[in-house]
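Asker: First the structure, which I've put down as structure tokens, then a few questions once you've had a look.
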Amino acid sequence: MPTAFKLTTAKGLKSEIYVPWTPKPVWTPLTKPLSECKVAFITSGGIHKKDQTPFNTAGDWSYREIPSDTPSDQLMVTHGGFDNSDINKDVNAMLPIDRLRELVKEGFIGSLVPTFFGFMGGGGNVDKFEHVTGPEIARKLKAEGADIVLATGGCGTCHRSCTLVLRCCEEAGMSTCIIAALPPIARQQGAPRITAPLVPIGSNAGEPNNPTMQMGILKDTLNAMEEFDHFGQMKALPYEYRHNV
Amino acid sequence: MSLSKETLEAHLNDPAVLCCRRPAGTVLSAADFEDPTIFPDLVDSNLMTLKEGGLTIQQALGATLVNDGEALTQLTPELLDGVKETPAAEPVDEAEGPEDGVEEPCSCCAGPAAPAAPASDGDVPLHLDRAEGLDLVFPAGGAPVAGTPVPPACAAAPVPSPAEEPAPADKVMRTLVKKDYPVTKVELGDATSYEGGVLTIDESLVEAAKKADPLVKDVEMKIIEPSERHVYSNTIMDVIPIAAKAEGKLGEGVTNVLSGAVFVLTGMDEAGVQVHEFGSCEGYMDEKIRYGRPGCPDEDDIMIRVDVKIQEGTGMERRGPFAAHSAADVIVHACREAIKKLDGVEPVKEETFRDVRRAGRPRVVLVKEIMGQGAMHDNLLVPTEPCGVKGGQKNVDLGNVPVVLSPNEVLDGGIHALACIGPATKEITRHFFREPMVEALQTDEELDLTGVVFIGSPQVNDEKTFVSERLGALIEAMEVDGAIVTTEGFGNNHIDFSENIAAIGSRGVPVVGVTFAAYQGQLVVGNKYMDAMIELNKDPEGFENEILADNTTTPEDADRAILMLKTKMAGIPIEPPEHKWDESVIEANKQLVK
């Protein structure tokens with residue numbers, strides 16, 4: 001800047017356009033038909049196998065590998081950020097593992113990766129999720145040949161942690177979508193694709209023991225992924241479930 | 001989203017809201033609070049409500065939850081034990097003030113060019129145990145020490161030039177004279193001529209225009225008088241001034257311009273599909289044009305409408321719209337030939353445009369984002385004749401990389417716009433011919449305008465990143481002190497827009513963004529560098545209203561953008577925006593433009 005000059009200025013000018021702050025776009029276009037895609041599912045809602053070490057509910061950036069053929073009754077939740085009762089009734093409310101297997105059987109999607117991932121995003125350490133956990137999960141999913149990575153967040157911070165991991169997957173060449181109970185957080189954190197059913201945190205993938213709703217949310221999400229053509233798009237899904245805890 | 005210790009400091013006086021479910025007995029710390037920066041989003045989405053009587057984070061910090069608390073619960077005194085008796089609302093700025101009692105320079109001098117004066121020079125030690133009714137007056141800034149950079153101007157106060165340094169002379173790089181010749185009548189005839197204010201257009205040019213491109217299936221020409229505008233029209237693809245080089249090349253010498261008549265290109269395909277994308281302005285011409293906008297016909301202009309029918313299904317391919325523009329250019333070009341030599345005819349007006357480099361003034365650049373996604377999202381850069389087609393380089397073929405034009409090149413018709421995005425937000429050929437932001441920056445004696453950068457908005461995301469990064473490198477090489485970034489349209493090009501602004505802002509260069517957002521085009525992506533923004537909306541409901549050029553840049557918008565840039569360059573804070581489109585903010589800013 002020159003050292004001596006005159007500038008007409010004004011005090012009290014206000015920026016005229018509201019700008020949500022999001023990180024830079026990451027985008028991997030979906031190039032295959034769904035019926036040929038290998039699909040992965042990850043969740044930051046604290047799901048793990050009953051025989052695995054539970055998460056530290058005060059904050060934990062480790063993850064658990066969940067074989068995609070694990071029977072749903074061998075899964076559980078460890079998460080302090082929301083009411084667990086829905087997941088305790090039906091783990092598919094957070095990790096719709098039974099529905100995903102049905103989608104393969106139906107031929108709606110091609111196959112599932114061998115390994116899903118569970119982590120506990122509550123109070124998540126942004127730096128660790130962005131630079132350690134995220135890249136590790138992305139690398140493993142890519143190695144297993146995932147084309148699509150679907151995800152649920154749990155609580156607010158979980159949506160952030162989840163989005164950070166999805167962005168790593170997108171960057172690694174997989175098309176991702178978060179099924180968001182708190183879409184503003186996913187959007188703000190830079191989720192490449194978002195679908196948003198009207199569900200509470202704790203049953204992000206749909207009402208427990210309501211396979212029709214859970215299946216509808218998954219199919220609509222996958223169909224939306226074929227429609228989305230650029231970063232940051234969101235689609236509201238016509239499913240509503242409220243629970244009073 | 002819990003707060004980190006660092007972010008906590010900045011939000012002590014914001015409302016305390018639980019980020020996640022917390023059990024009774026939790027002693028609240030940073031990790032338990034939701035990040036206040038996302039409250040507006042959460043409130044807008046009905047995920048949360050904020051009531052009066054809530055505690056601030058500072059008050060709630062260290063207190064204990066009486067009962068289990070759900071995520072996004074606003075904390076009130078009855079929910080907590082051990083709430084601190086902190087006086088309400090001490091402004092955050094003060095809490096962040098210097099701890100050692102050193103008086104800070106006024107905030108407007110705290111820009112990057114103004115490092116804090118060395119402690120030995122600027123300290124004002126002050127200790128007060130108790131004081132009431134005390135008035136203290138400090139000089140706004142210490143006397144500059146040799147070798148210390150002088151801070152940039154505060155408010156409207158000029159920084160005096162040191163007496164021994166005379167103001168550096170302006171350097172005129174090139175001069176362009178636009179000579180205006182009036183048109184009082186347009187008629188069709190056997191030959192094209194301009195004589196005595198009458199523009200006669202050879203009727204047989206219509207046949208020649210049909211042969212301009214195999215995709216052109218039909219061409220019709222109609223003269224529309226200002227008094228007879230209630231005529232139905234296909235969507236308006238472009239408004240093209242009649243201007244020809246009389247001397248020199250584009251951007252310098254003399255350009256003869258016909259005032260009082262403009263070409264209007266309209267089009268559809270053989271199947272009757274309008275040639276447009278995202279909004280169309282077919283309809284009655286008295287209703288679908290915002291007369292007087294820089295891109296539009298003026299109130300008194302005679303419109304020469306060239307309506308082109310192109311091959312079915314090519315309206316959304318690059319070749320279709322280009323064929324239509326090529327056809328119209330056959331006719332426009334014949335008119336140019338007729339006004340190249342007007343010896344003995346007196347122009348009614350002469351306008352002189354100078355590309356001036358003003359040494360010693362802050363260097364600024366104007367970055368104009370143009371569409372480059374293919375189909376009709378293309379532009380021709382620097383054609384041979386003003387606003388022409390021939391000789392122009394397509395920005396899509398150039399890979400949408402940043403291309404620098406001199407301000408005079410822009411104002412001499414250096415952009416022929418093929419873009420057919422939303423009618424209300426698109427910048428068409430006439431817009432560039434009298435671009436208000438370029439005109440205002442070029443004549444602003446307080447600034448040194450380095451050039452106008454055109455950058456395309458590519459279709460593919462990684463190309464978007466590529467061109468934005470090239471822009472960043474270009475800006476760095478230009479060593480500018482400030483930048484204005486504009487974009488036409490809205491939607492996916494706002495990704496480019498935010499990346500382009502970040503490419504500049506992240507290099508420490510103050511930047512102002514200019515776009516239509518309002519209601520329909522509200523931004524879905526953004527970054528921290530987009531903190532000084534100008535809204536181009538003119539529609540009462542905030543929509544792309546399909547009225548040609550309604551929501552494009554006007555001279556008033558340009559004045560606000562330039563004032564905002566100067567203010568930002570001077571280090572004076574620009575207040576953060578409301579969390580939704582608010583016309584009163586724009587009105588208040590207009591009042592600050594003198």
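Asker: Which residue out of A:57, A:9 is more than 8 Å from chain B (Cβ to nearest Cβ), in a loop (DSSP other than H, G, I, E, B), more than 16 Å from the chain's Cα centre (by Cα) and among the β-branched types (Val, Ile, Thr)?
Answerer: Of the residues listed, the single one that is more than 8 Å from chain B (Cβ to nearest Cβ), in a loop (DSSP other than H, G, I, E, B), more than 16 Å from the chain's Cα centre (by Cα) and among the β-branched types (Val, Ile, Thr) is A:57.
Asker: Given the structure, is residue B:295 under 21 Å from residue B:423 (Cα atoms), in a strand (DSSP E or B), touching a helix residue (DSSP H, G or I) at 6+ places or on another chain (Cβ under 6 Å) and among the small types (Gly, Ala, Ser)?
Answerer: no
Asker: Can you name every residue in the range B:63-88 that is in a loop (DSSP other than H, G, I, E, B) and either basic (Lys, Arg) or closer than 22 Å to residue A:82 by Cα (or both)?
Answerer: Scanning the range B:63-88 gives B:63, B:66, B:67, B:68, B:70, B:71, B:72, B:73, B:75, B:76, B:84.
Asker: Looking at residue B:290, is it out of contact with any Phe, Trp or Tyr (no Cβ under 6 Å at 6 or more places or on another chain), of a type in the set (Lys, Arg) and at pLDDT 95 or above?
Answerer: Yes: the conditions hold for residue B:290.
Asker: Take the range B:531-547 and flag every residue that is surrounded by fewer than 24 Cβ atoms within 10 Å (Cβ to Cβ), of a type outside the set (Phe, Trp, Tyr) and away from every other protein chain (no Cβ under 14 Å).
Answerer: Listed by number, the residues that qualify are B:539, B:540, B:541, B:545, B:546, B:547.
Asker: A further question follows. Look at the range A:160-184 and say how many of its residues are closer than 14 Å to residue B:38 by Cβ and either of a type in the set (Asp, Glu) or at pLDDT 90 or above (or both).
Answerer: So the count comes out to 2.
Asker: Taking the condition at negative phi, in contact with a helix residue (DSSP H, G or I) (Cβ under 7 Å, 6 or more places away or on another chain) and surrounded by fewer than 16 Cβ atoms within 10 Å (Cβ to Cβ), does residue B:26 pass? Quick ask: steps written out before the conclusion?
Answerer: Values: at negative phi: yes; in contact with a helix residue (DSSP H, G or I) (Cβ under 7 Å, 6 or more places away or on another chain): yes; surrounded by fewer than 16 Cβ atoms within 10 Å (Cβ to Cβ): no.
No; evaluated as a whole, the condition is false for this residue.
Asker: Anything in the range B:8-21 that is at pLDDT below 85 and in contact with a helix residue (DSSP H, G or I) (Cβ under 8 Å, 6 or more places away or on another chain)? List them, or say none. Steps first, answer last, please.
Answerer: To start, the set of residues in the range B:8-21 that are at pLDDT below 85 comprises B:8-10, B:19-21.
Within the range B:8-21, B:8, B:9, B:10, B:19, B:20 meet the criteria.
Asker: Moving to a separate point now. Please verify whether the range B:455-471 includes one or more residues that are over 24 Å from residue B:426 (Cα atoms) and surrounded by 21 or more Cβ atoms within 10 Å (Cβ to Cβ).
Answerer: no
Asker: Between B:37, B:49, which is within 21 Å of residue A:164 (Cα to Cα), surrounded by fewer than 19 Cβ atoms within 10 Å (Cβ to Cβ) and hydroxyl-bearing (Ser, Thr, Tyr)?
Answerer: On the way: B:49 fails: within 21 Å of residue A:164 (Cα to Cα).
Answer to the selection: B:37.
Asker: If you don't mind, there's one more thing I want to ask. Quick check: is even one residue across the range B:458-481 assigned to a strand (DSSP E or B) and not hydrophobic (A, V, I, L, M, F, W, C)?
Answerer: No, there is no match, as no residue in the range B:458-481 is assigned to a strand (DSSP E or B) and not hydrophobic (A, V, I, L, M, F, W, C).
Asker: Go through the range A:12-48 and give me each residue that's outside any strand (DSSP E or B) and of a type in the set (Phe, Trp, Tyr).
Answerer: A:18, A:21, A:27
Asker: Tell me which of these residue B:334 doesn't satisfy, since it passes every other one: (1) in contact with a helix residue (DSSP H, G or I) (Cβ under 7 Å, 6 or more places away or on another chain); (2) surrounded by 21 or more Cβ atoms within 10 Å (Cβ to Cβ).
Answerer: (2)
Asker: From the list B:304, B:310, which one is modelled with pLDDT of 95 or more, in the same structural domain as residue B:217 (by TED's automatic domain parsing) and touching a Phe, Trp or Tyr at 6+ places or on another chain (Cβ under 6 Å)?
Answerer: Of the residues listed, the single one that is modelled with pLDDT of 95 or more, in the same structural domain as residue B:217 (by TED's automatic domain parsing) and touching a Phe, Trp or Tyr at 6+ places or on another chain (Cβ under 6 Å) is B:304.
Asker: Looking for something assigned to a loop (DSSP other than H, G, I, E, B), in contact with a helix residue (DSSP H, G or I) (Cβ under 6 Å, 6 or more places away or on another chain) and touching a residue at least 60 places away in the same chain (Cβ under 8 Å) - is there at least one such residue anywhere in the range B:493-505?
Answerer: no
Asker: State whether the residues of the range B:277-292 include one that is farther than 30 Å from residue B:507 by Cβ, in contact (Cβ under 8 Å) with a residue 60 or more places away in the chain, in contact with a Gly (Cβ under 6 Å, 6 or more places away or on another chain) and not assigned by TED's automatic domain parsing to the domain that holds residue B:418.
Answerer: For the range B:277-292, residues farther than 30 Å from residue B:507 by Cβ, in contact (Cβ under 8 Å) with a residue 60 or more places away in the chain, in contact with a Gly (Cβ under 6 Å, 6 or more places away or on another chain) and not assigned by TED's automatic domain parsing to the domain that holds residue B:418: present.
This table checks each residue for (1) part of a loop (DSSP other than H, G, I, E, B); (2) in the same structural domain as residue B:244 (by TED's automatic domain parsing).
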position	(1), (2)
B:335	no, yes
B:347	yes, no
B:351	no, no
B:360	yes, no
B:366	no, no
B:370	no, no
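Asker: While we're here: Being crowded, with 24+ Cβ neighbours inside 10 Å, at positive phi and assigned to a loop (DSSP other than H, G, I, E, B) narrows it down to one residue among B:391, B:413; which is it? Break it down stepwise before answering.
Answerer: Working: B:391 fails: crowded, with 24+ Cβ neighbours inside 10 Å.
Step by step, each of B:391, B:413 is checked, and only B:413 is crowded, with 24+ Cβ neighbours inside 10 Å, at positive phi and assigned to a loop (DSSP other than H, G, I, E, B).
Asker: Same structure again: Being under 17 Å from residue A:37 (Cα atoms) and not hydrophobic (A, V, I, L, M, F, W, C) is true for just one of A:226, A:171, A:130. Which residue is that?
Answerer: A:226
Asker: Filter the range B:503-524 down to the residues that are crowded, with 24+ Cβ neighbours inside 10 Å and at the interface with chain A (Cβ under 8 Å from one of its Cβ atoms), then identify the one that is nearest to residue B:583 (Cα to Cα).
Answerer: B:517
Asker: With the structure loaded, tell me whether residue B:558 is facing chain A (nearest Cβ under 7 Å) and under 30 Å from residue B:508 (Cβ atoms) or whether it fails that test.
Answerer: Against the criterion (facing chain A (nearest Cβ under 7 Å) and under 30 Å from residue B:508 (Cβ atoms)), residue B:558 does not qualify.
Asker: I need the full set of residues from the range B:439-454 which are buried (at least 18 other Cβ atoms within 10 Å of the Cβ), in a helix (DSSP H, G or I) and within 14 Å of chain A (Cβ to nearest Cβ), in order please.
Answerer: Within the range B:439-454, B:440, B:441 qualify.
Asker: Let me ask something else. Which ones in the range A:87-102 are outside any loop (DSSP other than H, G, I, E, B) and within 18 Å of the chain's Cα centre (by Cα)?
Answerer: Result: A:87, A:91, A:92, A:93, A:97, A:98, A:99, A:100.
Asker: Take the residues in the range B:483-498 that are surrounded by 24 or more Cβ atoms within 10 Å (Cβ to Cβ) and at the interface with chain A (Cβ under 9 Å from one of its Cβ atoms); name whichever of them is farthest from residue B:452 (Cα to Cα).
Answerer: It comes out as B:495.
Asker: Right, here's the next one. Might you let me know whether the range B:420-428 holds any residue that is at pLDDT 95 or above and outside any loop (DSSP other than H, G, I, E, B)?
Answerer: No: zero hits.
Asker: Among the residues of the range B:397-409, is any within 21 Å of residue B:239 (Cβ to Cβ), in a loop (DSSP other than H, G, I, E, B) and among the hydroxyl-bearing types (Ser, Thr, Tyr)?
Answerer: The answer is no, given that none of the residues of the range B:397-409 is within 21 Å of residue B:239 (Cβ to Cβ), in a loop (DSSP other than H, G, I, E, B) and among the hydroxyl-bearing types (Ser, Thr, Tyr).
The values are calculated or read from the model by the stated rules, or taken from the named source; none is laboratory data. From a predicted model like this one, the values you see are computed outputs, not experimental measurements. Every residue, glycine as well, gets a Cβ built from its backbone with ideal geometry; the counts of neighbours run over all protein chains shown.
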